[in-house]
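The values are calculated or read from the model by the stated rules, or taken from the named source; none is laboratory data. Note that the structure is a prediction, hence the values are computed from the model and not measured. Note that we place each Cβ from the backbone using ideal geometry, even for glycine, and neighbour counts take in every protein chain shown. Each accessible area value is taken on the protein alone, full model and side chains, heavy atoms only, with ligands, DNA and RNA left out. Shrake-Rupley method; radii C 1.70, N 1.55, O 1.52, S 1.80 Å.
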Amino acid sequence: MDPQTGEIYGMVSLPDYDPNRYESVPQESYNLFNNPAVSAQYEPGSIYKIITMAAAMDAGIITPTMTYNDSGSFTIGGRVIFNSNRMANGEVTVTRALALSLNVITAQIAEELGADAFYRYVRLFGFGEATNVDLSGEIYGLIKTPSDDTWSEADLGTNSFGQGLACTPLQMLNATAAIANGGRLVQPYIVKARVAGSQAQITEPVVTRQVIKPETAHTMASMMAEVVSTSASLAGVEGYSVAGKSGTAQIPSAEGYVQEETIVSFVGFAPADDPQFVLLVKIDRPDPEINVWAGQTAAPVFGRIAKRLLDHFSVPPDDLRLAAALEAGN
């Protein structure tokens, strides 16, 4: 998607069907007619940490260089939060905590931010409401807040790293676009123009609201670029600064979370300092015999698509763009 305008450049979900032969789809596969990008919700996992970090940064709670002590666990609302690898990392900066995807630090930051502010930013980023994209079947996702009888402070901890809440892929993409474009939530759209004879009705971009301050968005972009350069290199593209975040989420069921099955995502944009597109890759249930983590599954797919997009849009590498900027300044 173009983060500045909301224009969706491309969208694909697999498995799919042949729209020229829709009658050949058996009844038990009618769910293929739905577009999961807008009509199926999922727990986003650690990609949601960019929302928590952006909210706390915008509220003045954290800075990129502020340090926290990761003891390996953190108790909030009576629930003990652990990092995904059950390890402790000691003293780390906020930027490093995002790069290492530390649940413990993210939950601490959410507690400092407070439930009211956290969920206010969640709503500002567009979660729990329709994006109003021009596609049918869009759902709102699922967000519990302190006003709900079933909410507890433990939800604040788990929601901070994308568990216990649900969104659509398009909602997550659109929220990330608000970080890429300087803090503005835009309305996504598919149809660029409607043409009738010699008349053309061009879709005008719609800015829904300002979510975070521009300086917050720029800081988050820099932090997300460091994530890719230090811990998610498979999502990178040689010669370009890429900003992004991986997320590996467990799959909820009636009996609890499913063991050894995950949903993996990678969301980001490039170039980090002048985003030409924002992109989300989501893979349901990667083969556990190969890898169940986003950094080894969704991230390399993101990197390959990002490379093709940068080529397609004829975006010069960072060094050439910098040289051109310096020459223009002279």
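In Å, what Rg and Dmax follow from the Cα atoms of the range 1-159?
Rg, Dmax (Cα atoms, Å): 19.3, 59.
Give me the net charge for the shell around A221: Cβ to Cβ below 12 angstrom, other residues only, Lys and Arg +1, Asp and Glu -1.
Values: positive: K245; negative: E215, E226, D273, D274.
That sum, taken over residues with Cβ under 12 Å, equals -3.
Amide H of I76 versus every other amide H placed in the peptide plane: which residues, excluding those fewer than 5 positions away on the same chain, fall under 5 Å?
I81
Ordered by packing density, taken as the mean number of other Cβ atoms within 10 Å over each peptide's residues, highest first, how do 121-132, 153-164 rank?
Most protected by this proxy first, the peptides run 153-164, 121-132.
Treating only the Cβ atoms of Lys and Arg (+1) and Asp and Glu (-1) as charged, compute the dipole magnitude of the range 1-77 about its Cα centre; round to the nearest 20 debye.
Numbers: 2 positive and 9 negative charges, 50 e Å.
The calculated dipole for the range 1-77 is roughly 240 debye.
For the range 1-62, report the translational diffusion coefficient in µm²/s to the nearest whole number, using Stokes-Einstein at 10 °C, 1.306 mPa s, and a Kirkwood Rh over Cα pairs.
The estimated diffusion coefficient comes to 104 µm²/s.
Please compute the per residue accessible area over the chain with all protein chains in place, 1.4 Å probe, rounded to a whole number of Å².
Numbers: 15930 Å² over 330 residues.
Solvent-accessible surface per residue comes out at 48 Å².
Please state the Cα pair-distance histogram of the chain with 10 angstrom bins from zero: what percent is in each bin?
Reading upward from the zero bin: 6, 25, 35, 23, 8, 2, 0.
If you roll a 1.4 angstrom probe over the protein chains with everything in place, what fraction of the accessible area of the chain belongs to carbon and sulfur, to the nearest %?
Details: 7980 of 15930 Å².
Carbon and sulfur together cover 50 percent of it.
Take the alpha carbon atoms of the range 74-216, find their radius of gyration, then divide it by 2.2 N^0.38 Å using N residues; give the quotient.
Normalised Cα radius of gyration, the range 74-216: 1.28.
At a probe radius of 1.4 Å, what is the per-residue accessible area of M87, in Å² to the nearest 10?
About 110 Å², ignoring ligands and nucleic acids.
Give the cross-link partners of K282 among the lysines, using a straight C-alpha distance below 26 Å as the criterion and excluding same-chain residues fewer than 8 apart.
Partners within reach: K49, K144, K192, K245, K307.
In debye, nearest 20: dipole of the chain around its Cα centre with unit charges on the Cβ of K, R (+) and D, E (-)?
Charge dipole, the chain, about its Cα centre: 360 debye, nearest 20.
Summarise the long-distance tail of P(r) for the range 68-133 by giving the % of C-alpha pairs beyond 20 Å.
38
At 0.36 nm per residue, and after removing the present C-alpha to C-alpha distance, how many nm does the segment from E255 to T67 gain when stretched out fully? Write out the running numbers ahead of the final one.
Working: separation 188, 0.36 × 188 = 67.68 nm, distance 3.77 nm.
Result: 63.9 nm gained on full extension.
Once fully extended, how much extra length lies between S222 and A323, figured as 0.36 nm per residue of separation less the alpha-carbon to alpha-carbon distance?
My answer for the length gained is 34.4 nm.
Over the range 223-296, what lengths in whole Å, largest first, do the semi-axes of the equivalent ellipsoid take, defined as the square roots of 5 times the eigenvalues of the alpha-carbon gyration tensor?
Sorted largest first and rounded, they come to 28, 12, 9 Å.
Using protein chains only and a probe of 1.4 angstrom, how many square angstrom of Y30 are accessible, to the nearest 10?
Surface open to solvent at Y30 totals about 110 Å².
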